[in-house]
Structure formats: structure tokens, C-alpha cells
Amino acid sequence: MKKLGFLSFGHWSNHPAYQARTASDTLLQSIDLAVAAEELGVDGAYFRVHHFAKQLASPFPLLSAVGARTNRIEIGTGVIDMRYENPLYMVEDAGAADLISEGRLQLGISRGSPEQVIDGWRYFGQELKDGETDADMGRRKALEFLDKLKGEGFAEPNPYPMFPNPPGLLRLEPYAPGLRDRIWWGAASNATAIWAAEQGMHLQSSTLKFDENGKPFHIQQAEQIRLYREAWKKAGHAGEPRVSVSRSIFAITTDQDRLYFGHENDKSDKIGMIEADKRAIFGRSYAAEPDQLIKELAQDEAIQEADTLLLTIPNTLGVDYNVHVLSSILEHVAPGLGWR
């Protein structure tokens, strides 16, 4: 068995071929897709977070709305860029969203990816400390977020408050029990995956990572996952860690599928520069008829290592088509791989 979710980048554009032409379209369709995915038996609805772009940006209103409209499906992000965040305010937002969903939040966070603007976090009022890089800042904010999620008091109460205070130091409210144990770190390198394990966070590994040894993407990613699990065990955390990988996977079962994805013949990984000094490897997409798709996916070592697979969806093609994409995987592919 493997948990299957979808991951939406939440694009919109006023393009004649798009079903999501406005921010309103994308937000409302995201909610509708999560509801439909739950009805299909999909396990998770996850959303990307990007600032200064025509994509989903502020996750907590969306997560709360999805939580109010669904009952079972996990709801998450992949990922929130912590460089932009006020960790304490985020604790309040996340706590409210988790309580609305009755404990179904699975929050993916990270130091962030390349941005649309130069140092966009500065426009949000964030500043580096002396000697700190933006990556350091993202990790520092993540640790503060994790600490405050524990629900322990830390703030000195006012002796003359507007409302009576309980005894002792005060914590942030609303407190969401168990949310601290449902935080994931998006890691692009082996070192940050190990760091995430040491901090007691679950691991999200995307369709790209830093190219650390020249091996095929899925092998590098599988190695990253094994290093992460070893570090979790060494750290002595209770319970088992969870690991998700994301993939673009399309089962070609209709003429429409063939029109959209039937001509994707390139089955190779890609190499690029995700940052000025960072060589990255990008994993291939999968698009084939179900029998062939099952054979190809069975050879993906990282998918085999992970307990959760997030299917990246073409959200601009609308809710109905993406329901078809998800149902095709559940019906024609997942059983053949032992995922269902």
C-alpha cells in the first residue's frame, strides 16, 4: 500500500486553453478538486506556495476551506518558503487550519526555492542576522516554528490584562495537538534531508534535487531517502518517519490524454542550474498506456522507497480533467504496482 496524493502548483493565466484563468478560478477549483479527490479515494491534497507569481501563495485560507469541505483526505503544502514567514503568526494560522480540518494538516516547509524577484522576503519585512545566509534564515525560522508548535508557554503575561490569564507563561492560541508531528521538510540535498531527520520532520523530496554524484535522478533520490531514514533512527525519534516524492505521471487511456501527453517521448532526466552555483538534476515525467506505465514506475527506486507519492497535476486543465487523471492512476496503474 502507498498513500497517493495530488500536488497542484495552482497556476492561472488568461489563456484560451486554460480552465483556470484567474486567481478566483484557481482557488475555487482547488477546493472542488480536493473534494472530488477525496470521493475517489485519493489520500492527500497538497498545494505549492510561490510569491510574486500568478500561482497559489497564501496557503492557510485555502487549507482551511478544503478542511471545511472534506472529511478524510490529508491536506498539505509542498512547500512553504520559511524565509517569508513570521513563525509565530504562522503557528496561529496553522493551528486554526488544523483544527478546522480536525487534525488532517500535513505541512511541508523549507528554506525556499529560486524566486520570481530578488530577495523577495525583504519586501515582507524579513532581514538576515549578522553573518546569516537566506538559507540559514529559513532554517532558523523553521526551528522557531517547530518550537512554538509544541504549545508550551513562553510569553510573560500582562499583570493588567483585558481578560483573565491562566497561571504561568502564555502560549500561542489556538493550539493544535499533534501538529508538531505532522511537519515535513522539503530537501534538495542529502545534507538537508539528514538535518530534517535530526529535527524530527518528515521528508518531502521533489522532482528535482542537487546533482551530488552524477547518478540517475531516481537513484540519487532513493539514496537521499535511505540517508534520511538512517539519520532518523540515529536521532532516536519515536515512531516511523514518512517520506513523499512527487512525480508527473499520466496514464494514457483516452484520445484526450494522447493529445495532451502522448507525444512526450523524452524519458531522460534533465540537468540544469537551479542556483548560480548549484547543479541540479530534474526527474523525468511518465506518460504511457497503463501496462507500460506500470513497468516504468516499477523501476523507479525512489518511488519504491517512499510511503507517499504526490502526483503533480496540470491544474489549468480544470477539475474534470484532473479528476480523470487521478482516477486513471487509481484504477489502471496503482493496483498493478501493489499500491491499492
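The values are calculated or read from the model by the stated rules, or taken from the named source; none is laboratory data. Model, not experiment: these values are computed from the prediction. Backbone-built Cβ (ideal geometry, glycine too); neighbour counts: all protein chains shown. To get the accessible areas, we keep the full protein, side chains included, count just its heavy atoms, and leave off ligands, DNA and RNA. Shrake-Rupley method; radii C 1.70, N 1.55, O 1.52, S 1.80 Å.
Tabulated data
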item	result
Largest to smallest principal axis extent of the C-alpha atoms in the stretch 183-306, angstrom	51, 36, 22
Among (1) 21.6; (2) 19.1; (3) 20.3, the entry derived from the coordinates for mean projected area of the Cα convex hull in nm²	(2)
With every protein chain in place, the chain: carbon and sulfur % of accessible area (1.4 Å)	52 percent
DSSP beta bridge pairing in the stretch 46-190, given as percent antiparallel to the nearest 5	10 percent
Above-threshold pairs, the threshold being 28 Å between Cα atoms, out of LYS150/LYS209; LYS233/LYS270; LYS2/LYS215; LYS129/LYS233; LYS148/LYS233	LYS150/LYS209; LYS233/LYS270; LYS129/LYS233
Where only alpha carbons of the stretch 1-157 are counted, the Rg and the Dmax (Å)	16.6, 56
For the stretch 15-65: relative contact order, % (alpha-carbon pairs under 8 angstrom, 6 or more apart)	29 percent
Antiparallel DSSP beta bridges within the stretch 218-340, as percent of all bridges there, nearest 5	40 percent
Net +/- balance of residues flanking ILE271 in space, Cβ distance below 14 Å, scoring K and R +1, D and E -1	+1
GNM result for the chain, Cα springs below 10 Å: residue of VAL319, VAL117, VAL35 fluctuating most strongly	VAL117
Computed helical MRE - 222 nm, the chain, DSSP H runs ≥ 4 contributing -39500 (n - 2.57), nearest 500	-10500 deg cm²/dmol
Protection proxy ranking, peptides 226-236, 191-201, average beta carbon neighbours within 10 Å, highest first	191-201, 226-236
Neighbour net charge for ASN14 - beta-carbon separation under 14 angstrom, K R +1, D E -1	+1
Cα centroid separation - the stretch 188-212 against the stretch 101-118, whole Å	14 Å
The chain - share of DSSP beta bridges that are antiparallel (%, nearest 5)	20 percent
Residue-normalised accessible area of the chain, expressed per residue, 1.4 Å probe, Å²	47 Å²
Peptides 134-140, 12-18, 182-188, 327-333 ordered by average Cβ neighbours within 10 Å, highest first	182-188, 327-333, 134-140, 12-18
